[in-house]
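Take a look at the structure below.
The values are calculated or read from the model by the stated rules, or taken from the named source; none is laboratory data. As the structure is a computational prediction, the values presented were derived from the model and not from experiment. Using ideal geometry, Cβ is built from the backbone for each residue, glycine included, and neighbour counts are taken over all protein chains shown.
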Ligand code: G6Q
């Protein structure tokens, strides 16, 4: 494959370094004028990005456009969507895979970008629709003929965070009487707490593992199967599987229904595949899942636009690169002013940090610049009463990405003191954005707000399935564009392997010691023994 240019190799790089020495000053009253507010706004798929409060001007934006062009970031995205092997490190053993999560929602045009993968995804979606219909019409019930009203999703990492955050985001659109729970941690208390709350007789257990080998998921599956059997229920009539073809879990006899996910879809990019869709379909119904996928697909198409001003994910990515690689800010806070998005930052944390927390290039050489930032955050306004002190007056400058909505999901809102709760929520978001950007002088140094703290606002009317799909795809593409820009492979996760291997060895050591009553396993001695083994 062609060697793509990294950030430092493009000719506009030194110019951007120079501009970063004198970034736009957000503090003067006239800085955030009407013209800037109007022009520094980009809209796509129902989402507006307001970025007047970033430390950029027209010159910086033009250079960021050059950076994207010279690095051929959009070209790489197009190739990715069309099935190029983007998950690889040249000259070294690596996953050597296509990256086709976008195919899992490319059903809305006559000409999908990669027809073969889309066809496979469509086949799974058709299986899901028939499963949901069987549940709906009563063709599929428990042995007593009762409808299934509960689903427990068992999975971890990408098989948990994305799906769970989307479920939480869209609970308002849930079907009456359907409940969903999640078990991810191998901590037995995670499973025990859920098992106490459900009636297993009317529960479906959706076991999700692409590899079919993940310790936490298999342990929890075994535990739940035992709980089902203890209650006289046949586990195979209650368990559903989502797994890779040919994985150890690919055994239809053990499951009521089985769905596939594909090698070309990384766990953290899999929320729109069956990894998320089976549970979302159960909770929300086929129509809402369709809208969610359509929103994601809509944003995928936008990510192929060449111009920053039309390509929302690219613009979000380039503003992030400006803050991280040029202004040198090490973290990004994603602060949704929406309780429904309370797990979304956790999903982005995985998607971004597992994708771009890399130290070698796609050619296996050490990177020259820092790669992915640390992603963190909590919903506002709760965060305001917690860590915003540091955001306003701390010595570490944290670029913020606010997410807000003009209207609430439920539409149940009462007025008090002259405003509704939704208005109070939005007013707080806008106030924080301005306070961070403009700051405030004060004779008392302890009450001074330094300002010039870059932030942006992603604003939509209402958090619907369509908007959620678009938001998910927006961030996926942002992360991918940044990975291209830093010339790293955003699609593997070698960094999680070592800990898994060592945990396996410690478990063997524990098992060995368990046989020896005189010398039981002690964590301290275990650590010491492990250092000798390693
Ligand atoms: C995501 C990672 C990782 C993965 C989990 C679960 O991109 O690959 O978080 O999703 O380790 O893996 P399984 O789905 O194979 O159980």
Those residues of region 156-183 which are surrounded by fewer than 24 Cβ atoms within 10 Å (Cβ to Cβ), part of a loop (DSSP other than H, G, I, E, B) and under 20 Å from the mean Cα position of the chain (by Cα), in sequence order: 156
Please verify whether region 361-374 includes one or more residues that are touching a strand residue (DSSP E or B) at 6+ places or on another chain (Cβ under 6 Å) and either part of a helix (DSSP H, G or I) or crowded, with 21+ Cβ neighbours inside 10 Å (or both). yes
Expected output for region 208-228 (first residue farther than 21 Å from residue 265 by Cα, partner modelled with pLDDT under 95 and surrounded by fewer than 22 Cβ atoms within 10 Å (Cβ to Cβ), Cβ below 7 Å, 6+ apart or cross-chain) is none
Residue that is farthest from residue 286 (Cα to Cα) [pool: residues in region 240-262 that are in a loop (DSSP other than H, G, I, E, B) and more than 11 Å from the ligand (Cβ to nearest atom)]: 246
For region 96-134, name all the residues that are out of contact with any helix residue (DSSP H, G or I) (no Cβ under 9 Å at 6 or more places or on another chain) and part of a loop (DSSP other than H, G, I, E, B). 96, 110, 111
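Can you tell which of 16, 5, 61 is in a helix (DSSP H, G or I), touching a residue at least 24 places away in the same chain (Cβ under 8 Å) and touching a helix residue (DSSP H, G or I) at 6+ places or on another chain (Cβ under 7 Å)? Reasoning before the result, please.
Working: 5 fails: in a helix (DSSP H, G or I); 61 fails: touching a helix residue (DSSP H, G or I) at 6+ places or on another chain (Cβ under 7 Å).
The match here is 16.
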Hey, does region 142-150 have a residue that's within 16 Å of the ligand (Cβ to nearest atom) and touching a residue at least 60 places away in the same chain (Cβ under 8 Å)? no
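Return the residue satisfying two criteria in turn: it lies in region 116-132 and is in contact (Cβ under 8 Å) with a residue 12 or more places away in the chain and farther than 25 Å from residue 83 by Cβ, and of such residues it is surrounded by the fewest Cβ atoms within 10 Å (Cβ to Cβ). Full working, then the answer.
Step one: filter region 116-132 for residues in contact (Cβ under 8 Å) with a residue 12 or more places away in the chain, giving 116-118, 120-122, 124-125, 127-129, 131-132.
With the extra rule that they be farther than 25 Å from residue 83 by Cβ, the set shrinks to 129, 131-132.
On the way: 129: 15, 131: 21, 132: 20.
Only one residue tops the list, namely 129.
Somewhere in region 336-343, is a residue within 16 Å of the ligand (Cβ to nearest atom), assigned to a helix (DSSP H, G or I), touching a residue at least 24 places away in the same chain (Cβ under 8 Å) and within 21 Å of the chain's Cα centre (by Cα)?
no
Does residue 79 count as touching a residue at least 40 places away in the same chain (Cβ under 8 Å) and at negative phi? Full working, then the answer.
Numbers: touching a residue at least 40 places away in the same chain (Cβ under 8 Å): no; at negative phi: yes.
Here the answer is no, as residue 79 does not meet what is asked.
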For residue 499: the one exception among (1) surrounded by 10 or more Cβ atoms within 10 Å (Cβ to Cβ); (2) under 30 Å from residue 334 (Cα atoms): (1)
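Take region 349-374 and flag every residue that is within 16 Å of the ligand (Cβ to nearest atom), touching a residue at least 24 places away in the same chain (Cβ under 8 Å) and out of contact with any helix residue (DSSP H, G or I) (no Cβ under 7 Å at 6 or more places or on another chain).
Of all residues in region 349-374, those within 16 Å of the ligand (Cβ to nearest atom) come to 349-358, 372.
Next, only the ones that are touching a residue at least 24 places away in the same chain (Cβ under 8 Å) stay: 349-352, 354-358, 372.
Selection gives 349, 358.
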Listing of helices (runs of 4 or more DSSP H) fully contained in region 433-534 that carry 3 or more residues being within 16 Å of the ligand (Cβ to nearest atom): 465-485, 497-515
Kindly indicate whether any position in region 323-331 is at pLDDT 95 or above, crowded, with 24+ Cβ neighbours inside 10 Å and within 20 Å of residue 153 (Cβ to Cβ). no
Among the residues that make up region 284-296, is at least one of them within 14 Å of the ligand (Cβ to nearest atom) and either within 17 Å of residue 100 (Cβ to Cβ) or under 22 Å from the mean Cα position of the chain (by Cα) (or both)? no
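Please work out if residue 279 is modelled with pLDDT of 95 or more, assigned to a loop (DSSP other than H, G, I, E, B), in contact with a strand residue (DSSP E or B) (Cβ under 7 Å, 6 or more places away or on another chain) and within 16 Å of the ligand (Cβ to nearest atom).
Details: modelled with pLDDT of 95 or more: yes; assigned to a loop (DSSP other than H, G, I, E, B): no; in contact with a strand residue (DSSP E or B) (Cβ under 7 Å, 6 or more places away or on another chain): yes; within 16 Å of the ligand (Cβ to nearest atom): yes.
Criteria not met by residue 279.
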Mind listing whichever residues of region 184-225 are buried (at least 17 other Cβ atoms within 10 Å of the Cβ), assigned to a loop (DSSP other than H, G, I, E, B) and more than 16 Å from the ligand (Cβ to nearest atom)? 198
Would you check which residues across region 514-530 are within 36 Å of the chain's Cα centre (by Cα) and surrounded by 10 or more Cβ atoms within 10 Å (Cβ to Cβ) and list them? 526, 527, 530
Picking from 99, 74, 60, the residue that is surrounded by 17 or more Cβ atoms within 10 Å (Cβ to Cβ) and in contact with a strand residue (DSSP E or B) (Cβ under 7 Å, 6 or more places away or on another chain) would be 99
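So if I check each of 99, 60, which one is at pLDDT 95 or above, within 25 Å of the chain's Cα centre (by Cα) and within 30 Å of residue 10 (Cα to Cα)?
Numbers: 60 fails: within 25 Å of the chain's Cα centre (by Cα).
Just one listed residue meets the conditions, 99.
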Might you check whether a residue that is part of a strand (DSSP E or B), touching a helix residue (DSSP H, G or I) at 6+ places or on another chain (Cβ under 9 Å) and surrounded by fewer than 20 Cβ atoms within 10 Å (Cβ to Cβ) occurs anywhere in region 375-390? yes
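Quick one: is residue 488 closer than 28 Å to residue 162 by Cβ and at pLDDT 95 or above? I'd like the intermediate steps shown before the answer.
Numbers: closer than 28 Å to residue 162 by Cβ: yes; at pLDDT 95 or above: yes.
Yes: the conditions hold for residue 488.
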Could we say that residue 258 is buried (at least 17 other Cβ atoms within 10 Å of the Cβ), farther than 20 Å from residue 179 by Cβ and either modelled with pLDDT under 95 or under 19 Å from the mean Cα position of the chain (by Cα) (or both) here? no
